[in-house]
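Values in this text are rule-based calculations from the coordinates and carry no lab data. Computed from a predicted structure; not experimentally measured. FYI the Cβ positions are ideal-geometry reconstructions off the backbone, even for glycines, and counts take in every protein chain you see.
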Amino acid sequence: MQSRDYPNIGEKLYSTVLENGLRLNVVPKAGFSTRYAVFAANYGGAHRRFRLEGETVDTPAGVAHFLEHKMFDLPNGDNALNILSANGADPNAFTSSGVTCYYFQCTEGFEENLRMLLHFVSTPYFTAETVEKEQGIIAQEIMMGEDSPDSAVYYNLMAMLYAHHPVRDKVAGTVESISHITHETLYACHKAFYAPSNMALCVEGDVDPAEIERIAREVLGTSCAPVPEADFGPEESLLPVEPLRRESMEVAAPLFLIGAKLKAEKGGQAAMRQRLLARLALRILCGASSDFYSRLYAQGVLNRNFDYDIDFSAGTGTIIIGGESRLPEQVMQEFSREVEKVRAQGLSEAAFQQAKRATLGSTLRALEDFENVCVSLAIGLFDGYCAFDSMPVLQNISRRECEDFITENLAAERLALSIIQAKAV
Amino acid sequence: MEYSRTELLPGVFLSHLRSDKFKTACMSLTLLTQLRRESASMNALIPYVLRRGTTGYGDMEALSRRMDELYGTAIEPVVRRVGEIQCIGFYGSFPEEDYLPAGERLLPSAVGLMVDMLLSPNTRGGLLLPQYVDSEKEKLLERLRSRINDKRGYSLSRCIEEMCCYEDFAVSRLGSEEEAENINYKKLTRHYRELLQKCPVELFYCGKAEMKQVSAAFREALASLPRGEIDYDLGTDIRMNAVEEQPRYVEERLDVSQGKLVMGFRLGECMEEPDVAAIHVFNNVYGSGSTSKLFMNVREKLSLCYYASSIAYIHKGLLLVASGIEFDKFEAARDEIFTQLEAMRQGEISDEEFIAAKRCVASDLRSLTDSQGELEGFYLAQVLDGLDYGPMELAELVEDVTKEDIVQIARSVECDMIYFLRGLDEEETDDAEP
């Protein structure tokens, strides 16, 4: 394994790619009790249509998430979740539009637990009966999501921004779409996307990197399968499909999200730089110390739930800004005014330097969280960069780049506004 | 990690946890006060108003810029309750020196800024600014009203409200809308000054600095803290028994597509001399672990729900079981939740379940030492209980828990309240429209 020191963040990273194509990152942490491992597939809710060995396959919405639920079943009738829990580990999994992650944390028996993680995720076992039973459980989960205003405000926005890209659909699918999933669908998707060549393993804790490499090789074998190519459909225009949508639900204060699409860099350093640039630009424009946020907060238009995020999944890049407000349209207007101000006057050099300086604290805090570190490393491995390189790259970003980012991507015609308002009494 | 504790000023205690392993240092400042219906909202409002501006940094923008300047130091208001003690104050973190340009030290500035928020708010004529008070009051009201957005959390707190309707624990950590509406800046200033005089203050630090440096930084910053007679008479009223012979039942209807069943229990006699380690293990076997009886039976085996889990409020001696169910599964789910408790009372606990639960609880406690935020919360709760052992020691106590210990706890537990949140449009022949 290669190792590299990152003295500016106090970390050392071991990395390698196995013969079977598995990308492996290990961050040793002496003095910590927690050991954390994530085994991630470059496969999420958006990978519904794909080409493998010359053939195009279409699958129903919700397969990646369904597969995640069913992976824990083992051929001998055991359940991997129970085995890991019984062994003192805290296992779980999640599926997003872009990736599926299986992970656990534990303080003892790490190697045994790691073997189990690699084993169960690489061992498909589905029957018609277990799939049918799971349909009931996931239908409940989907229904629970329907009561959630947070989920509604988000998916409405995605449907307003994207004309056809599958990130617009719920990761879990619909009660109807999952009814088309069979055990054969699950086997096919597992075979296509769960080969080590399409996966990453990232580990953090007081562990021996060489031993982890040995275990991964032993459990996953050496054969290297071809990687499927996802088809997300034709390129989307940068303009939203629909600028404004309201829905009424049982909420106290209205929720809102402002969103915009951007042209995502395909991968590598450029992709990381774009992510850092986007975050820095948004911090200056609408972060805690921005004019915009302070003013609207003081006016009572925004509260502490206000936040911004940039999501890069399945080839898309989406800026999402929002929270709770009685006056979402006013927030949108003020936001656009702020963007126009940047176009006319640029950003202040002081605010720009301050924001860069402040990222030290937030970067270090994020590094204290094992899950965040391992998942960020895994996403970096899929997208061709190393998440630990962020500090020097960030230092290189110029004020001009931030200004261009804001004026190009957040112009009024690029924005969509999703609102969940209270039901009229 | 070395833990030590000292009284810096009358009624002001510093808990110091020296550790080299983190990249940031964390600190907190907490005023302790009794949770009461009439003051909970005022208490909850205070740190938010104080976070709006100090004499040196008059508004939030100036404060945020100052924190950016301190390399992304973060200091935020915290309001929580531990049993019936309301804890209000600030939690902050800042980069350790190793990551700063040579010669930079943040400890005195960060501590100074946090203490300034407490002691030197932006005032006019000695009064908290009305525009800050009004605007934070409005936001507090919004937060209280928006509890309903999260149906899972909402149903839990509704169950506690109903179950503890004669106890202060019914009061949420943020108080109530009625009380919050009556707050004005004069009343709040008076209350704030009283709290400064009488509340015990808990300070916490975890990081590389020695006790000497940390206590010096706090002592200097807190020099002007006005102290009066300190109110040490804080505590939680733990009721052992259910209010009525049969569990009370409350249902509520909202426009939801999934029902929420919450069952409230008293932990009972075992709270006379609570064995915290054993209660954690009991709770894990019953409902909080992923191999728990509730998860394995109510969810996995019988598919009665999407989730079913238990939460122990050890400081108050309560246990809540929360479950998301289809409306027509109410009876079946409720009965199964009782059946699983009964099984524990009869000693039906397999070795596998028992060992897994102990491992899980011990492992959670050990991992807690890797998170400064969790360490802070753990030690605050210990202080309120007058205990001084750390999470590693508690993890060792878990190893000594026996099956008999948890069977005794299961026998001591008593159901007091069943709360059911159901939908508006459920088909019901009785009140169907003609």
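May I ask for the percentage of alpha-carbon pairs in the stretch A:112-254 that lie more than 21 Å from each other?
Cα-Cα pairs in the stretch A:112-254 separated by more than 21 Å: 64 percent.
Where nothing but the Cβ of Lys and Arg (+1) and of Asp and Glu (-1) is charged, how large is the charge dipole of the stretch A:2-230 around its Cα centre, in debye to the nearest 20?
540
Nearest 10 degrees is fine. How inclined is helix A:128-146 to the longest principal axis of chain A, computing both from alpha carbons?
That helix lies at roughly 20 degrees to the long axis.
Report the gain in length on full extension from residue B:402 to residue B:251: 0.36 nm times residue separation, minus Cα-Cα distance, nm rounded to one decimal.
On the way: separation 151, 0.36 × 151 = 54.36 nm, distance 3.79 nm.
Here the answer is 50.6 nm.
Send over the Kirkwood Rh of the stretch B:161-280, from the inverse of the averaged 1/r over different Cα pairs, rounded to one decimal Å.
19.8
With only alpha-carbon pairs counted, each pair once and no self-pairs, how large is the Kirkwood hydrodynamic radius of the protein assembly as shown in angstroms?
After inverting the mean inverse Cα-Cα distance, the result is 28.8 Å.
So if I restrict to the alpha-carbon atoms in the stretch B:78-126, what is the Rg, and what is Dmax, the biggest pairwise distance, in Å?
15.3, 46
Output needed: percent of Cα pairs per 20 Å distance bin for chain B, bins running from 0 to the one holding the longest distance.
P(r) for chain B, in whole percents per bin: 23, 52, 24, 1, 0.
Along the charge dipole of the stretch B:111-188, pointing to its positive end and built from +1/-1 on Cβ of Lys, Arg, Asp and Glu, which listed residue (B:114, B:149, B:164) has its Cα farthest out?
Highest projection toward the positive end goes to B:114.
Mind checking the alpha-carbon convex hull of the stretch B:248-422 and giving the volume per residue in Å³?
About 125 Å³ per residue, rounded to a whole number.
How much of the pair distance distribution for the stretch B:2-221 lies past 21 Å, counting alpha-carbon pairs only, in percent?
Details: 13830 of 24090 pairs.
Value for the stretch B:2-221 (Cα pairs over 21 Å): 57 percent.
Given the alpha-carbon gyration tensor of the stretch A:244-422, what are the semi-axes of its equivalent ellipsoid in whole angstrom, ordered largest first, with each equal to the square root of 5 times an eigenvalue?
27, 19, 16
Calculate I(q)/I(0) for the stretch A:151-201 by the Debye formula, one identical point scatterer on each C-alpha and no solvent, and give its log10 at q = 0.23, 0.24, 0.28 Å⁻¹ to two decimals.
Cα-only, vacuum Debye calculation for the stretch A:151-201: -0.92, -0.93, -0.98.
Rounded to the nearest 500, what is the 222 nm mean residue ellipticity of the protein assembly as shown from helices alone, with -39500 (n - 2.57) per DSSP H run of 4+ residues and division by all residues?
Working: 29 runs with 348 residues, N = 859.
Computed ellipticity for the protein assembly as shown at 222 nm equals -12500 deg cm²/dmol.
Residue by residue through the stretch A:376-384, what is 3J(HN,Hα) from phi via Karplus (6.51 cos²θ - 1.76 cosθ + 1.60, θ = phi - 60°)? Round to whole Hz and write x for glycine and proline.
4, 5, 4, 5, x, 5, 5, 9, x
Quick one: which of A:423/B:151; A:12/B:23; A:261/B:139; A:170/A:341; A:261/B:137 span more than 25 angstrom between C-alpha atoms? List each step's numbers first, then the result.
Numbers: A:423/B:151 16 Å; A:12/B:23 14 Å; A:261/B:139 31 Å; A:170/A:341 36 Å; A:261/B:137 36 Å.
A:261/B:139; A:170/A:341; A:261/B:137, as the Cα separations exceed 25 Å there.
Of B:302, B:14, B:375, which is the most mobile in a GNM of chain B whose springs link Cα atoms less than 10 angstrom apart?
Among B:302, B:14, B:375, the largest mean-square fluctuation in the Gaussian network model of chain B belongs to B:302.
Identify, among B:424, B:401, B:337, the residue whose Cα sits farthest towards the positive end of the charge dipole of the stretch B:333-432, taking +1 on the Cβ of Lys and Arg and -1 on the Cβ of Asp and Glu, with the dipole about the Cα centre.
Result: B:401.
Over all alpha-carbon pairs of the stretch A:323-425, lay out the pair-distance distribution in 5 Å bins, whole %, shortest bin first.
That works out to 2, 9, 14, 14, 14, 17, 17, 8, 3, 1, 0, in percent per bin.
I want to verify the translational diffusion coefficient of the stretch A:2-230 in µm²/s; compute it with Stokes-Einstein, Rh as the Kirkwood radius over Cα pairs, at 20 °C and 1.002 mPa s.
After rounding, the answer is 114 µm²/s.
Express the Stokes-Einstein translational diffusion coefficient of chain A in µm² s⁻¹, to the nearest whole number, given a Kirkwood radius over alpha-carbon pairs, 20 °C and a viscosity of 1.002 mPa s.
Here the translational diffusion coefficient equals 93 µm²/s.
What is the ratio of the Cα radius of gyration of the stretch B:181-242 to 2.2 N^0.38 Å, with N the residue count, to two decimals?
This ratio for the stretch B:181-242 stands at 1.63.
For chain A, can you list the cysteines whose C-beta has no other cysteine C-beta under 4.7 Å from it?
Taking the Cβ cut-off of 4.7 Å, the unpaired cysteines of chain A are A:101, A:106, A:189, A:224, A:286, A:386, A:402.
With +1 on each Lys and Arg Cβ and -1 on each Asp and Glu Cβ, and nothing else charged, work out how big the dipole of the protein assembly as shown is about its Cα centre, in Debye to the nearest 20.
Values: 88 positive and 134 negative charges, 634 e Å.
Dipole about the Cα centre, nearest 20: 3040 debye.
Using only Cα atoms, what Kirkwood radius does the stretch A:343-384 have, in angstroms?
12.5
What are the principal axis extents of the Cα atoms in the stretch B:244-339, in Å, biggest first?
That works out to 42, 31, 21 Å along the principal axes.
Given a Förster radius of 51 Å and the C-beta distance between residue B:346 and residue A:393 as r, what FRET efficiency does 1/(1 + (r/R0)^6) yield to the nearest 0.05?
In this case the efficiency is close to 0.25.
For chain A, what relative contact order do you get, as a whole percent, if you take Cα pairs closer than 8 Å and at least 6 residues apart?
In percent, rounded to a whole number, it is 22.
Could you tell me the relative contact order of the stretch B:2-221? Use alpha-carbon pairs under 8 Å, at least six residues apart, and round to a whole percent. Display every interim value, and only then the final one.
Working: 359 pairs, mean separation 83.9, N = 220.
Relative contact order for the stretch B:2-221 comes out at 38 percent.
Could you size up the charge dipole of the stretch A:244-422 around its Cα centre, putting +1 on the beta carbon of Lys and Arg and -1 on that of Asp and Glu, and report it in debye to the nearest 20? Write out the running numbers ahead of the final one.
Values: 21 positive and 23 negative charges, 70 e Å.
That gives the stretch A:244-422 a dipole magnitude of about 340 debye.
What's the angle, to the nearest 10 degrees (0 to 90), between helix B:351-368's Cα axis and the longest principal axis of chain B?
For B:351-368 against chain B, the angle is about 10 degrees.
Taking Rh as the Kirkwood radius computed over C-alpha pairs, what is the Stokes-Einstein D of the stretch B:1-106 at 25 °C in a medium of viscosity 0.890 mPa s, expressed in µm² per second?
D = 155 µm²/s.
Bin by bin, in steps of 5 Å, what percent of the Cα pairs in the stretch A:101-179 do you find, going until the bin that has the longest distance?
The calculated distribution, bin by bin, is 3, 11, 15, 14, 15, 14, 15, 9, 3, 1.
For a protection proxy built on the mean count of beta-carbon atoms within 10 angstrom, sort B:335-344, B:227-236 highest first, please.
Per-residue Cβ counts within 10 Å, averaged per peptide and sorted highest first, yield B:335-344, B:227-236.
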